[in-house]
Number of protein chains: 4
Amino acid sequence: MAKVITTHLLESILAEVKPLIGQGRVADYIPALAAVSPYKLGIAISTVEGQHFCAGDASERFSIQSISKVLSLIVAMNHYPEDEIWQRVGKDPSGQPFNSLVQLELEQGKPRNPFINAGALVVCDMLQSRLSAPRQRMLEIVRQLSGAKDIGYDSVVARSEFEHSARNAAIAWLMKSFGNFNNDVSVVLQNYFHYCALQMSCVELARTFLFLADKGKARHLSEPVITPLQSRQVNALMATSGMYQSSGEFAWRVGLPAKSGVGGGIVAIVPHEMAIAVWSPELDSTGNSVAGVAALERLTQQPGHSVF
Amino acid sequence: MAKVITTHLLESILAEVKPLIGQGRVADYIPALAAVSPYKLGIAISTVEGQHFCAGDASERFSIQSISKVLSLIVAMNHYPEDEIWQRVGKDPSGQPFNSLVQLELEQGKPRNPFINAGALVVCDMLQSRLSAPRQRMLEIVRQLSGAKDIGYDSVVARSEFEHSARNAAIAWLMKSFGNFNNDVSVVLQNYFHYCALQMSCVELARTFLFLADKGKARHLSEPVITPLQSRQVNALMATSGMYQSSGEFAWRVGLPAKSGVGGGIVAIVPHEMAIAVWSPELDSTGNSVAGVAALERLTQQPGHSVF
Amino acid sequence: MAKVITTHLLESILAEVKPLIGQGRVADYIPALAAVSPYKLGIAISTVEGQHFCAGDASERFSIQSISKVLSLIVAMNHYPEDEIWQRVGKDPSGQPFNSLVQLELEQGKPRNPFINAGALVVCDMLQSRLSAPRQRMLEIVRQLSGAKDIGYDSVVARSEFEHSARNAAIAWLMKSFGNFNNDVSVVLQNYFHYCALQMSCVELARTFLFLADKGKARHLSEPVITPLQSRQVNALMATSGMYQSSGEFAWRVGLPAKSGVGGGIVAIVPHEMAIAVWSPELDSTGNSVAGVAALERLTQQPGHSVF
Amino acid sequence: MAKVITTHLLESILAEVKPLIGQGRVADYIPALAAVSPYKLGIAISTVEGQHFCAGDASERFSIQSISKVLSLIVAMNHYPEDEIWQRVGKDPSGQPFNSLVQLELEQGKPRNPFINAGALVVCDMLQSRLSAPRQRMLEIVRQLSGAKDIGYDSVVARSEFEHSARNAAIAWLMKSFGNFNNDVSVVLQNYFHYCALQMSCVELARTFLFLADKGKARHLSEPVITPLQSRQVNALMATSGMYQSSGEFAWRVGLPAKSGVGGGIVAIVPHEMAIAVWSPELDSTGNSVAGVAALERLTQQPGHSVF
C-alpha cells in the first residue's frame, strides 16, 4: 500500500464515512448487542514495520463475534494436521447465508468453509476434542498476540447467545447426524459463544492479526504463530469467504482478505504490510458493517492499494 | 513475485506436473473438445516489463471456452455504465455448479456473477443490444490485444456447442421470464458459443490479458483497455468467482485472480507483474485443468508469490 | 354422495359462496385472462345415471387452462404403453409451485407428475411424437366427450400465452438438456398453450369428465375412454396432485379427486357417482378458484360426501 | 369394497406377495429394528360391521414407528382447537424425504404436514405443553382402542432411537429457532421415540384404527374418538401425505388413505367399511413395506375397491 498511513489520514476517513451511520442496522438478535451505540466508530492499523495508528473509538472494546472464527481456525491449525481439518470442512465460498442448513444437508454435513457458522462449529468441536480448556487457551492466545493481558469474554453476551442458540444447535445436531460432530453439542456451543463474546478493541485486533500480514510471525513472539504458507492460505480463505455472502462484492470494492463480525468489527490484511481493524456497529443486510466497509474502501481506493 | 521467471523455470514446472496427466478427464460433452490430446501441456508468461516466456505447447491454439467470459465482460464495461451492468448481474460467488438453474430461480433471474454461464449470457445479451456485430467486435479486440491477426473462432466447436445448448437455452429462457434477457435467445447463444470457441494459444492469452496486470493498460495500445480501478475490480471478481465452484480452494492453493475454461486453459494474473496462461486439457470434477492448477501452484509456491 | 342433487341445491350453494368474490385475484399474467369478469360463477353436475344439473353461469365458456392437463394425459394413455409414460414423468406430489425448475434440475429432468407444467409439457412432447395433428385430435376428443361440436381454442389466449412463455420454454429446454424432451420446443409449446386455451363451459366440462366417475366409460360412446383401472389411477393422481401446491389442503376440505385451472375452473370427480365442474375466476395464492373450492367444500360438507 | 373379505382371501394374498421378500431392506439404522426377521408377514382387517379377519403373523407385535404419527395427531385434535394445530403445521404433501430440513428452513420452521418427522415433533411438542403424562396418555388410548391392555413401549427401541436422534434433534432445534417448538428438545424427543416404539400387532392396529373407517367412532366406546368431519380430514391427510415421498405412487396403486412405518407396518382405511393392517419388515427406498404395499394393492385391485 503505497499511500503513507498517518493518524490524520485515518481521522479524515472516519469523517468521510461518519455520514453513513443511519443507513444500517445494529444487530439486535440479542439484547447485549442491540444496546451498543450506533455512533461508535473506530479504526486502527498495525504495520509490519512496527508502527501503530488509530483514530476514533479505536481503544473501546466490542464483541468481536465472527472475527473469532479466524482465531479458532488458527488454534486448530496448531493442533491438527492439515488433512484432518480439511476432511471435515471445505475451503470454498458457500454462496448462502452464514447460518443456512440447506447446503449442509445437501452436502452431507460438511460445511463449505470455516468462516460460516457450521464450519466454525466443526472447528470448535475439534478444539474440544484436543484441548483440556479451550476457552482458557483462546484467552492466552489473544492476550499474547495483542499484548493486552486483560482481554476477556463478555459473559452477558455469551449467555445471551447461548439462550438464542437454537439455530446453531440445529446446525451442530445436523452435522452430528452425518458423523461430523463428536462432542456434546451444548458444551461446544458454550465455547463457540464465548469465542464470539471476546471483547477486543480495534487497536488490539490490529495487533493480534498482524501475523497474517507478516508471514505468520508475530513481531514480539519468538515462535511463529503459523507457517508462511499457512498465513497465505488463511488470507486466501478470508478473501473468498470472510465477508459472509458478500465476499465477492467486498473483494470488488476493497480487495483485501478480511473477516467481519456482527458486532460491527472488520479485520482486514494487507499482506506484507499491515493489519487493519475497523468498528462501526450498524450492519448491512448481509451482516457487514456499513461504515466499516466504506472506510476500508476509502483506504484502498486507488489502484495498487488492494491486493489486486 | 520475487522469483525471477526464466524459460528454464517454466520447463521444469511443466516436467513436474506432467505426471498428473491421467488423473483428470478431457471435456467430452462435445466431440470437438473430446478429440483434443490429453498430453498437451503449455505455459506462457508476459510481464509488465515487456518480457515474454513460454514452454511446452505454448504456441498451440485451443478452445478458450469460459476464459472468454472475462473478455465479454471487458467489452460490456466499455459499452455500458457500471450501474447498468451490475443491476443485471451480481459480483458474488455462486457456490453452485456453473450451469445451475436453482439459484437463478430463487434469485429472480439475476445471476450471481458474470463468470457463471447465466451471468455471461446476460453480458452477451447486453452486447447484442449495443453492438452491431458482436462477434466481429470480439475478434478485433483479441487480435488487437494479442497482436495475432489471425485469431478466429472454431466454427466446428461453436456449432457443436450450439447443438448441445439445451441447458444454456433453459438458463436464458428462465432469465427472460424474469425480464433479465432482452434479445432472441438463439441469436445470443450463437454469439456466446462463438466467444467460447475462440482459438488462442497460451502465448496469445498471456499477451491478451497482460492489461489486467498493468492497471488496465495494454503496453502496445495508446488507449487503456479499462481504467485502473476497473482492472482491479475484474481481478477481484476473478479471485472470488473465476474458478467455478472451487474458487476458494484455488485461492488457497494458488492465490491469484484467474479464470479457467473447460478446454483446459487457465489465465492467471499477478497484479502489477505479469499475466500467466497455462493449458492442459484434463479437468478435475469442478471443470478446472488438473495440471494447469498444479503448475500455477508451483509457480506461486513460496509465500509472497501469491497476492496473499 | 347420499345428498340428492337438485338445481335448487346448486343455486343455494352459489348464493352461499358468492360473498367470497373479492377475496381472490383474477389471473393477470396475460391480458386475455385478466379481462374476465370476477363475478362469473357457475356450477354443473353430470351423474352416472345420466342426470345433468347446473346453476349460475354454467353455460358460459371460459379458458380451461390446466384442466386440459388431465385430457392430454388421457390422450397419451391411449397412445402409449403405461411404462413409456411413467419412465418420463412421476406420480408423486411435487410440493413445489407448478412452474418451478428447482426440483426438475435436482431430479434430472423428470417431472414429479403430469399435472405440473413440466409434466404436462413432457406429455405434450409425447403426443407430438405420436400424433400427426395433436391439436385437431384434442378437439375431436373434447367434442366427442362433451357432445358440443363447436368447442374450440381461444386463439387470442393461446397466442398471448405463447408470448409469455419464457418460463415454460426454460422448463422444456431444461428437460431437453436431460434427454427428456424430443421435439421442437416451440412447436410443443404451441400445442400446450392451445390445450390450455380450450374454451369450455361448466356444463361441457361435467359431461366431458363423467367417464372418470364411471370406470373410464362415457355413457354415449361405445368404446371406453380408458380402462376402469386407468380411470381409478387418474382419479388417484388428481387427488394427490391435482390442485397445485394445496392438494393436501383441498383433500382435507373437499376430499375429492380434482383438477383446477388458472381460468378459475375446477373439475372434481365423485367416483361411481358424478363429475362436477365449477367456475369462478378469482384465485387464491396457490392458483385455485376461491369460490370454486368453497362451493365444492359445501357440496361435500357432511361426512360420507367425500371419498374419505 | 364389494369383494367379500375372508380369511382364505387374506391367506392367498399373503402367499402371492411372499415372493417379494428379498427385494427390500429391513430398516437398520438402529440395531433393534435391524434384528427383526425379514420373513415376518401378517395382515388383519376389522370391519365396521364388527368382523375381524387375519392371516400370517397378524398377532405378532412389532414397532409401529411412524404409524404412531396418526395417533399423536388424534390426541392433539382432542386437546387443541383446530386453528392452533394448523397454525403450527400444514396439511400439504412435502415432496421431500421425511427427515429433510431444507423445506423446513425455507418455510420458516412450519412443517408441511403432521406425518413427516418435523410435523410429528411439533405435535409432540403440543402434547407436552398440554398433558401431564403424554406417554401414559398414549398407552391408555391405544389400549382402549385396541382392547389390548398390555400394549406397551419397547424401551430398547426407544432408547436406541434416542441414541440416534441427531437428525430429529436438528429438526426440533431448527423449529425452535423459528419459534415453533416450545418445550425441552430432549424431553419431547423422548416422548416421540416412545410413541414410535409402541409394540402392536396387525390385529391390534386394525382394531385401533377402525374408528377412521367409522366416522370417528370406535364401536366399543361410548364417546366418539373424533368427529365424523375430523375422521374424514385425517383420512384425507393420510391419502395425500401418509406414505412418505411416494404418497402419489401409493394412491395410484392402492388408492386408500394409509400410514406406514419403518418397522414395516402399514395401516390403511376403507372409509365406511374397514381398517386394514399389514406387516412385512422389508422396505423400499422411500421407507414403505414392499410386500405390505403389494398386499394392499392386491386387496384393492379391481376398480371400485379403492376410494377412487
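Just so you know, all these numbers are worked out from the coordinates, no wet-lab data involved. Keep in mind it's a predicted model, so treat the numbers as computed, not measured. No Cβ is skipped: glycine too gets one built from the backbone with ideal geometry, and neighbour counts run over all protein chains shown.
Assorted remarks:
- Cα shape, segment B:60-102, gyration tensor, a/c 1.5 rule: oblate
- For the peptide C:169-182, the mean number of other protein chain Cβ atoms found within 10 angstrom of a residue's Cβ is 5.
- In a simple Cβ point-charge model (Lys, Arg +1; Asp, Glu -1; nothing else charged), chain D has a dipole of about 280 debye relative to its Cα centre.
- Scanning chain C for the beta carbon that comes closest to the axis linking it by rotation to A yields C:Leu106, 4, distance in whole angstrom.
- Partners of D:Lys176 within straight-line reach, counting aspartates and glutamates whose Cα lies under 14 Å from its Cα and excluding those fewer than 8 residues away in the same chain: A:Glu163, D:Glu105, D:Glu107, D:Asp125, D:Asp184.
- Stokes-Einstein D for the protein assembly as shown, Kirkwood Rh over Cα pairs, 25 °C, 0.890 mPa s (µm²/s): 74 µm²/s
- Per-residue Cβ neighbour rank within 10 angstrom, fewest leading, B:Ile21, D:Ile151: B:Ile21, D:Ile151
- Sorting the segments B:262-273, D:102-113, B:131-142 by their residues' average number of neighbouring beta-carbon atoms within 10 angstrom, most packed first, yields B:262-273, D:102-113, B:131-142.
- Averaged over peptide A:98-107, the number of partner chain Cβ atoms lying within 10 Å of each residue's Cβ comes to 4.
- Difference of contour (0.36 nm per residue) and Cα-Cα distance, C:Asn182 to C:Tyr39: 47.3 nm
- Packing, taken as the mean count of other beta carbons within 10 Å per residue, orders the peptides D:217-224, D:251-258 from highest to lowest as D:251-258, D:217-224.
- Debye intensity ratio I(q)/I(0), log10, chain D, q values 0.16 Å⁻¹ (C-alpha model): -1.35
- Label separation (C:Glu49 vs B:Glu223): 8.6 nm, computed from points 7 Å beyond Cα along the C-beta direction.
- Copy-to-copy label separations for B:Glu16, where each label sits 7 Å from Cα toward Cβ, in nm and ascending: 4.1, 7.1, 8.2
- When only Cα pairs below 8 angstrom with a gap of at least 6 residues are kept, segment D:39-132 shows a relative contact order of 23 percent.
- Segment C:118-194 shape via C-alpha gyration tensor axes, a/c threshold 1.5: oblate
- Only Cα pairs under 8 Å and 6+ residues apart enter the sum, and on that basis the relative contact order of chain B stands at 28 percent.
- Across the identical copies, how the C:Tyr29 labels are spaced - nm, sorted shortest first, 7 Å along Cα→Cβ: 2.7, 3.5, 3.6
- The residue list D:Met200, D:Gln230, D:His164 was ranked by how far each Cα lies along the charge dipole of segment D:99-252 toward its positive end, using unit charges on Cβ atoms, and D:Gln230 comes out on top.
- Farthest toward positive dipole pole in segment C:1-133 [+1 Lys/Arg, -1 Asp/Glu at C-beta], among C:Leu73, C:Tyr39, C:His52: C:Tyr39
- Among the listed pairs A:Lys110/B:Lys110; A:Lys18/A:Lys69; A:Lys69/A:Lys217; A:Lys40/A:Lys259, those beyond 21 Å (Cα-Cα): A:Lys110/B:Lys110; A:Lys18/A:Lys69
- Peptide C:252-265 shows a mean partner chain C-beta count of 2 within 10 Å per residue C-beta.
- Alpha carbon centroid spacing (whole Å) that separates segment B:17-69 from segment A:201-255: 33 Å
- Rounded to whole Hz, the Karplus (6.51, -1.76, 1.60) HN-Hα couplings of segment C:53-70, x for glycine and proline: 10, 7, 7, x, 7, 6, 9, 8, 7, 9, 7, 7, 6, 5, 4, 5, 4, 5
- Ranked by how many other Cβ atoms sit within 10 Å of their own Cβ, fewest first, the residues B:Asp125, B:Asp284 fall in the order B:Asp284, B:Asp125.
- 3J(HN,Hα) from dihedral phi, segment A:281-289, Karplus parametrisation 6.51/-1.76/1.60, rounded to Hz, x for glycine, proline: x, 6, 10, 7, 5, 9, x, 9, 4
- With its label point defined 7 Å out from Cα along the Cα-to-Cβ axis, D:Asn78 lies at 5.3, 6.0, 7.8 nm from the matching points of the other copies, in increasing order.
- Computed over segment D:66-196, Kirkwood Rh from alpha-carbon pairs, angstrom: 14.8 Å
- Listed residues A:Asn180, A:Tyr29, A:Ala251: farthest to the positive end of the dipole of chain A (Cβ charges): A:Asn180
- Cβ-based exposure ranking for A:Ser146, B:Ser72, in which fewest neighbours within 10 Å come first: A:Ser146, B:Ser72
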